[in-house]
Structure formats: structure tokens, C-alpha cells
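Step one of this worksheet: look at the structure below.
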Protein chains: 2
Amino acid sequence: MSLNCTIIGAGNLATHLATALLGKGYNISQVYSQTEKSAARLAQKVNAGFVTDPSEIKSSAGIYFVAIKDDAIPIVLSKLVFKNKLMVHCSGSTPISVLQGYSENYGVMYPLQTFSKGRELDFSKIPVFIEANSKANLETIQKIASSLSGNVKELDSQKRHALHVAAVFACNFTNHMYHLADEVLKENGLPSEVLRPLIEETAQKVQELHPAKAQTGPAVRYDEKIISGHLKLLGQDTGLKELYKSISKSIFDHYQK
Amino acid sequence: MSLNCTIIGAGNLATHLATALLGKGYNISQVYSQTEKSAARLAQKVNAGFVTDPSEIKSSAGIYFVAIKDDAIPIVLSKLVFKNKLMVHCSGSTPISVLQGYSENYGVMYPLQTFSKGRELDFSKIPVFIEANSKANLETIQKIASSLSGNVKELDSQKRHALHVAAVFACNFTNHMYHLADEVLKENGLPSEVLRPLIEETAQKVQELHPAKAQTGPAVRYDEKIISGHLKLLGQDTGLKELYKSISKSIFDHYQK
């Protein structure tokens, strides 16, 4: 496709999205970020120009992807000098209505994945959820999303919000469990690598089994002796102990149901 | 090797261990479990006999693997009618000393993995941690462990305990996050499958990146608008909301350091 795209944002998601679009033959005409370094870096990566003032975003692109912090969306969009171009935000928890008033044509394209700069990802396997304010705009977004991913579905703002909450548990909170585990290792002079096969298998298991069937360990049977031994080992770290207790209790409660 | 093994236990770990030993040419002579059905099932799988009374465990094996609940170890071992055979327990949080008095030869072989029946695992990639009450026993355990896994290390009881705590965070608590995520999906009419690529990538990321570098999402920047929207979506589920809040706070605290 020869559609020109402008990328508003230069963070993790913006970077991955711009790169994936370029890889599928889209032209990236401009990158906007309030941080010049980020804007310049991404612009160079995708052969685009860049601006740091939203009023300098040109009206010549066919579609504008908005991949900035939710709070910044109205601030940046209110400074655009045009109103009729297709604006597409990429956020899980932001309703489509946030774009209302800034353009006559708008929608959402939410790729459900955790993006870190410098980490390559196969975009074709990322589930992408789309929404739009008209059938025509939905068709345009569907076309673009489908060229990037083999897994595109229409989803309204409320369900996308729920999906984002679920993703926080499955990804951000999970990653924090890895982080806490690593702290326990460090505290006891053990290397990070030792848990990697376990982390991998825990994630692989639930690709086939429901998590309720995959659960193992002391909390599911509320093995008090092991649990109190673990709490003793956690020593003076009250915050970590409280977290250990409340997650263990939540696990136990789930298996009592 | 032609060493005869007896497996005390018939749960997830016992099943995987017995199967792996058989696969490496060891003979499994007997399986013990207090539950006849489990004992018979595993015995059949590994061409062994089985007993449900610990006093009927024969003294003819060369090594006895103890893979039962920690609390049950002294109860079962006190009923053995022999004292000189090599006893090896497979538990993370149980010190080697639990075997003292039940045999003159004892040790530990702890495979760090999450085992579920019916799920195949490549034992050769599982980190295995060993300990023994004598150099000779350590050598025997080292030999067996190394025939099963390419990743065998000696570790004392205290460090193994810490490792088990870390594993609870990285595996059991992580799996519970998957479970809670799935509940949010269900509550909102969304299918489980949708999170699988995210779960996989979250685990893959930390095979290379430290979790502190891999973290994304609203909690790390304490985005109050998104967090309060999420809490609202979780609705009446007070337990889940409290967990959401305390994990988010713990994430934020870690990135403020």
C-alpha cells in the first residue's frame, strides 16, 4: 500500500508500530514527539521527518497513529491544524471517544503485546483489536491492521478496557513476580539464570492448560509449614511478606471454590 | 546404569522423575503411594511393582527417591525396615536434615521445574540441585542427576530454600496472575486464547532482559488515571482490587528506588 502514515509518539509502541508499517511497505512521512531525541531517533529509523511541536504536524498524511500517553492525547490533538484526517489511537484503556472533536474520522488499533525498544517482535502474531467511528474508517483500519497481523478483531472500547486490565495481570504483574523472584535470588547469592527454564515452562503450560489446571506449589494446598518457612526466609522485608501472604491467600481461595 | 530405584510418591514430581529415570535406563523396582490408584498408575507406567504400606517397601533397591509432601516424609520413612540405603528427597524447602536418623546415607536431588501430570517435559534442560551427607553419596547423586540433566549444581539446604521461595514467585504466583487475568476476560465475555501471545512474550523477554528493564504498563509510571479506571472496571471484587493495588504499588516502589 502507498498510504502515508504519521506517527504521533516515539515510545516503545510507536517504534514497533512504525517499524512494522514500514516493513509492510507503508511510507512514514512524519514522526512527532515532544522529546527531540526520541523523535529524531525513530524518524531516522523509518526514513521520516520529525517535529516536536504538534502544530507542525503536516496535514498531508493519509492516516495518523496516536501512540502517546493517554493523558497527552487531548493536549497534542488540540494543536493540530486540520480536522478531517483519519486519527487512530493505539491504547488499551482509552475509549474511542477521546478522539471525538479532533477529527471527523477516527478509530482505534490496539496491538495486545508488551513492547520494549531494542527487542524484535513478529508483529504478524500479535492480536490487534480495532474500532472506528464509521464503517468506512473501520474498513481502512481493518485493511492496515490485517496487513500487519494475522489476528485482527473488532472490539468496543469497554471490552478493550477489560482486555487491558487482564493484560496488566498477565504481563505487568507477572513481570513483577519475576522481578521479586530475582530479588530473592540476589539476596541469597543465587544467579538470575537459574529461574529461566521455570519461567518459560510456566508460560508454555498455559498455552495449552487453563491456569487453574496448571497451578502447583504450597499455596494451592495451603501448606502452612512451607508457607511459614518461606515467610521466615523473607525476613525483614515486610512489603514482600505481605504480598507473599495476600497472593498465597488469593490462590488458596480460588482452589477452595 | 543398572541401579535399581524405588520411588516413594506418585504425584506430579514422582511421575516425571520416575519416567525420566526409566528413559535413561534405570530400573524402577517399586513405587509407593498411600493412594492405591496413584501407586498403581505410576507403577504400570514405569514397569514397577507398587505398595501402599511403607513397611512393605523392599530393601533391595540401590536408591530411594522420596517425592512426597514434606510433612509426610518422617511419617513414611519411620516405617521403613532398613536403615543403610541411599535416601534422596526431591523437595525445595525441606532441609537435608529431615532424612537424618532414617538412614546412614542420604541426600537431596531438587529439580527446579513445575510438573503437571500429562505434560511432557525435557528433563535434560531442568536445573537440578543436589546435596548429600557424604562425599560418596554426593558422587552417586551427581552421577544420576547428570544422566538426567545437563544442568546439575551442588547447593546447600538454606540456599535451596531461598531458591524455592523465588520459584514460588516466578511460577506459582505468576500462574495465579494468568488465572486472575483469565477471570477478568471471562467476566467480560472475552476468550482465554487472546492473552497467550502476551504471556509467551512476557516470559521470553526475561530470558534475555532483566525484569526491571522489561517492565511496561501503567504501574511503573503510576498512571493514576489508568489505574483508577482499572479499579473501577474490577467493580465489586474487593479481593482482586486490593491485590491490583498492592502489586501496582510494589511495582511503582521498585522503580522509584
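Observations
- All positions within segment B:80-116 that are over 20 Å from B:T174 (Cβ atoms) and either among the acidic types (D, E) or within 14 Å of another protein chain (Cβ to nearest Cβ) (or both): B:H89, B:C90, B:S91, B:T94, B:P95, B:S97, B:V98, B:E104
- Residue among B:L185, B:L190 that alone is in contact with a Lys or Arg (Cβ under 7 Å, 6 or more places away or on another chain), over 27 Å from B:I28 (Cα atoms) and without any contact (Cβ under 8 Å) to a residue 12 or more places away in the chain: B:L190
- Here segment B:150-192 is the region considered, the condition is being hydroxyl-bearing (S, T, Y) and touching a Pro at 6+ places or on another chain (Cβ under 6 Å), and the residue that is surrounded by the fewest Cβ atoms within 10 Å (Cβ to Cβ) is B:S157.
- The residue that is most open to solvent (accessible area, probe 1.4 Å), among those in segment A:117-131 that are farther than 13 Å from A:T19 by Cα and facing another protein chain (nearest Cβ under 7 Å), is A:K125.
- Filtering segment A:104-114 to residues that are touching a helix residue (DSSP H, G or I) at 6+ places or on another chain (Cβ under 8 Å) and either surrounded by fewer than 19 Cβ atoms within 10 Å (Cβ to Cβ) or at pLDDT 95 or above (or both) leaves A:N105, A:Y106, A:G107, A:V108, A:M109, A:Y110, A:P111, A:L112, A:Q113.
- The lone criterion from (1) assigned to a helix (DSSP H, G or I); (2) at the interface with chain A (Cβ under 8 Å from one of its Cβ atoms) left unmet by B:G217 is number (1).
- Of the residues in segment A:93-101, at least one is part of a loop (DSSP other than H, G, I, E, B) and modelled with pLDDT of 95 or more.
- Output for segment B:8-23, where each listed residue is among the small types (G, A, S) and either surrounded by 16 or more Cβ atoms within 10 Å (Cβ to Cβ) or in contact with a strand residue (DSSP E or B) (Cβ under 7 Å, 6 or more places away or on another chain) (or both): B:G9, B:A10, B:G11, B:A14, B:A18, B:A20
- Number of the condition not met by B:K225 [criteria: (1) within 7 Å of chain A (Cβ to nearest Cβ); (2) in contact with a Pro (Cβ under 9 Å, 6 or more places away or on another chain); (3) over 15 Å from A:S93 (Cα atoms); (4) open to solvent by 60 Å² or more (accessible area, probe 1.4 Å)]: (3)
- A search for C-beta distances below 6 Å between a residue of segment A:196-220 that is on the phi > 0 side of the Ramachandran plot and any residue that is in a helix (DSSP H, G or I) and modelled with pLDDT of 95 or more, counting only pairs 6+ apart in sequence or on different chains, returns A:G217/B:V168; A:G217/B:N172.
- Candidates in segment A:234-248 are the residues that are more than 28 Å from the chain's Cα centre (by Cα) and either open to solvent by less than 50 Å² (accessible area, probe 1.4 Å) or touching a residue at least 24 places away in the same chain (Cβ under 8 Å) (or both); of these, the one that is nearest to B:K159 (Cα to Cα) is A:L234.
- Whichever residue in segment A:141-163 is among the hydroxyl-bearing types (S, T, Y) and in contact with a strand residue (DSSP E or B) (Cβ under 6 Å, 6 or more places away or on another chain) and, among such residues, is nearest to the other protein chains (Cβ to nearest Cβ): A:S149
- Residue count for segment A:24-61 under the criterion of being in a helix (DSSP H, G or I) and open to solvent by 70 Å² or more (accessible area, probe 1.4 Å): the result is 6.
- Applying the condition of being in a helix (DSSP H, G or I) and more than 7 Å from chain A (Cβ to nearest Cβ) to segment B:193-212 and asking which residue is surrounded by the most Cβ atoms within 10 Å (Cβ to Cβ) yields B:Q204.
The values are calculated or read from the model by the stated rules, or taken from the named source; none is laboratory data. Because the structure is predicted, anything quoted here is derived from the model rather than measured. Here the Cβ is made from the backbone with ideal geometry for all residues, glycine too, and neighbour counts use every protein chain on show. Heads up: the accessible areas ignore ligands, DNA and RNA and are worked out on the full protein's heavy atoms, side chains in. Shrake-Rupley method; radii C 1.70, N 1.55, O 1.52, S 1.80 Å.
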